[in-house]
Ligand SMILES: Cc1ncc(COP(=O)(O)O)c(C=O)c1O
């Protein structure tokens with residue numbers, strides 16, 4: 001059966017008009033051949049252009065010193081604007097609604113400080129049960145910081161579906177149930193463990209109807225599924241750039257603030273780089289924010305870290321997210337079909353089967369318990385099939401349309417089938 005999937009994979013790859021994009025990336029090697037790399041959900045592969053982009057900045061620094069701020073090939077003073085259109089594209093936002101800065105968790109704190117304005121009557125935050133730990137820590141600490149108690153004000157919605165996913169009906173029910181005390185709904189665009197996709201517009205609408213703010217963690221969405229942050233009316237969103245955006249380990253993260261908050265007078269934690277650009281260097285004592293997302297910047301940005309993001313986003317603009325998503329839908333369906341057909345007696349796919357409810361990630365749970373799952377994961381790694389593991393028992397496989405091929409699933413099928421049977 002694996003042979004027939006191999007033939008189909010070869011035909012699909014040969015007909016794939018996006019296949020040439022793979023050559024834009026360095027593919028890690030295993031015993032002289034390309035790894036089957038499925039960890040774009042964790043750390044995306046290096047675009048070949050990244051090295052040159054960093055070297056150019058090092059050279060400009062060497063040759064120009066401080067003048068690089070104005071006379072560099074990509075002057076550092078307006079450097080964040082070189083990633084603005086790309087970020088707007090992947091976020092479905094207006095350029096003034098996005099900014100590259102800090103890390104995801106830092107941005108989450110900055111956003112919660114501005115948009116979580118608890119009162120005695122309305123102080124609760126709704127998140128999903130099993131949220132990424134950093135998000136939970138951020139939310140819990142913010143509730144405490146504001147003088148409230150997470151024991152009552154942190155509401156964690158349990159999965160209502162058999163695979164541990166959460167239906168929109170359950171989210172609607174929870175929001176309705178807590179409607180009078182909800183200050184903020186903080187939701188993932190794609191849940192990191194299950195791979196379930198949530199539709200931002202639906203959740204934002206429900207949150208707003210209850211009088212709450214709608215914020216999103218798009219760590220697993222950006223560059224994976226098209227999102228329409230502006231149209232969804234989300235209040236804010238944050239994401240990292242080292243996963244599907246392929247901008248390198250610890251890359252500069254992203255932040256979205258909806259245009260209707262561009263001139264907000266809500267409090268914020270301010271820094272000089274968020275000050276109105278026309279008067280920033282007058283060095284006055286009073287903070288006047290730049291309108292839009294850029295007004296939340298704190299510091300001048302790390303140019304060496306932004307350089308890979310710049311060239312990586314250029315690839316997204318070239319490839320176009322709609323075309324990438326189209327490939328992702330059929331490629332992920334092929335992977336799901338192959339895994340079910342060959343390994344279905346041993347493995348359950350936890351991620352919803354409907355294309356609209358998943359991105360490229362398939363979360364696999366091996367029957368027979370954690371130890372068997374972990375052993376399979378290690379066996380795959382040993383044979384150059386790079387997935388990732390999420391406690392307690394999930395193997396994540398994320399074929400990304402930028403550089404994965406259908407043929408990459410074949411070593412996964414062969415190794416897993418030999419191990420499990
Ligand atoms: C869903 C989610 N939220 C938050 C984080 C934390 O990101 P950072 O370390 O960049 O703050 C991650 C990291 O993988 C994540 O997947």
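All but one of (1) under 15 Å from residue 100 (Cα atoms); (2) surrounded by fewer than 15 Cβ atoms within 10 Å (Cβ to Cβ); (3) free of Cβ contacts under 8 Å to residues at least 40 places away in the same chain hold for residue 274, so report the exception by its number.
Exception for residue 274: condition (2).
Looking at segment 233-255, is at least one residue over 22 Å from residue 83 (Cα atoms), in a strand (DSSP E or B) and touching a helix residue (DSSP H, G or I) at 6+ places or on another chain (Cβ under 9 Å)?
So far as segment 233-255 goes, no, none of its residues is over 22 Å from residue 83 (Cα atoms), in a strand (DSSP E or B) and touching a helix residue (DSSP H, G or I) at 6+ places or on another chain (Cβ under 9 Å).
Any residue at all in segment 44-65 that is within 23 Å of residue 378 (Cα to Cα) and either at pLDDT below 95 or within 16 Å of the ligand (Cβ to nearest atom) (or both)?
Yes, that holds for at least one residue.
Identify the residue in segment 198-232 that is over 15 Å from residue 187 (Cα atoms) and not in a loop (DSSP other than H, G, I, E, B) and, among all such residues, is nearest to the chain's Cα centre (by Cα).
Selected residue: 230.
If a residue has to be away from the ligand (no atom under 11 Å from the Cβ) and either surrounded by fewer than 23 Cβ atoms within 10 Å (Cβ to Cβ) or part of a loop (DSSP other than H, G, I, E, B) (or both) to count, how many in segment 184-194 make the cut?
Selection size over segment 184-194: 1.
Return yes when residue 157 is crowded, with 22+ Cβ neighbours inside 10 Å and more than 15 Å from the ligand (Cβ to nearest atom) and no when it is not.
No.
Residue 308 - would you say it is over 24 Å from residue 197 (Cα atoms), in contact with a strand residue (DSSP E or B) (Cβ under 8 Å, 6 or more places away or on another chain) and within 16 Å of the ligand (Cβ to nearest atom)?
Against the criterion (over 24 Å from residue 197 (Cα atoms), in contact with a strand residue (DSSP E or B) (Cβ under 8 Å, 6 or more places away or on another chain) and within 16 Å of the ligand (Cβ to nearest atom)), residue 308 qualifies.
Could you list all residues from segment 140-173 that are touching a strand residue (DSSP E or B) at 6+ places or on another chain (Cβ under 7 Å) and farther than 24 Å from residue 105 by Cβ?
Scanning segment 140-173 gives 165, 170.
If you go through segment 209-226, how many residues are more than 10 Å from the ligand (Cβ to nearest atom) and touching a strand residue (DSSP E or B) at 6+ places or on another chain (Cβ under 8 Å)?
Within segment 209-226, residues that are more than 10 Å from the ligand (Cβ to nearest atom) and touching a strand residue (DSSP E or B) at 6+ places or on another chain (Cβ under 8 Å) number 10.
Need a quick list: strands (runs of 3 or more DSSP E) entirely within segment 335-421 having at least 2 residues that are crowded, with 23+ Cβ neighbours inside 10 Å.
Passing ranges, in order: 362-366, 394-397.
Of the residues that sit in segment 115-131 and are in contact with a helix residue (DSSP H, G or I) (Cβ under 7 Å, 6 or more places away or on another chain) and assigned to a loop (DSSP other than H, G, I, E, B), which one is nearest to residue 181 (Cα to Cα)?
Top of the filtered list is 123.
Among the residues that make up segment 89-106, is at least one of them touching a residue at least 60 places away in the same chain (Cβ under 8 Å) and more than 26 Å from the chain's Cα centre (by Cα)?
no
Name the residues in segment 82-108 that are surrounded by fewer than 22 Cβ atoms within 10 Å (Cβ to Cβ) and over 17 Å from residue 221 (Cα atoms), would you?
82, 84, 85, 94, 95, 96, 106
The values are calculated or read from the model by the stated rules, or taken from the named source; none is laboratory data. Since the structure is predicted, the reported quantities are computational estimates derived from the model, not experimental observations. All Cβ positions, glycine included, derive from the backbone under ideal geometry; neighbour counts span all protein chains shown.
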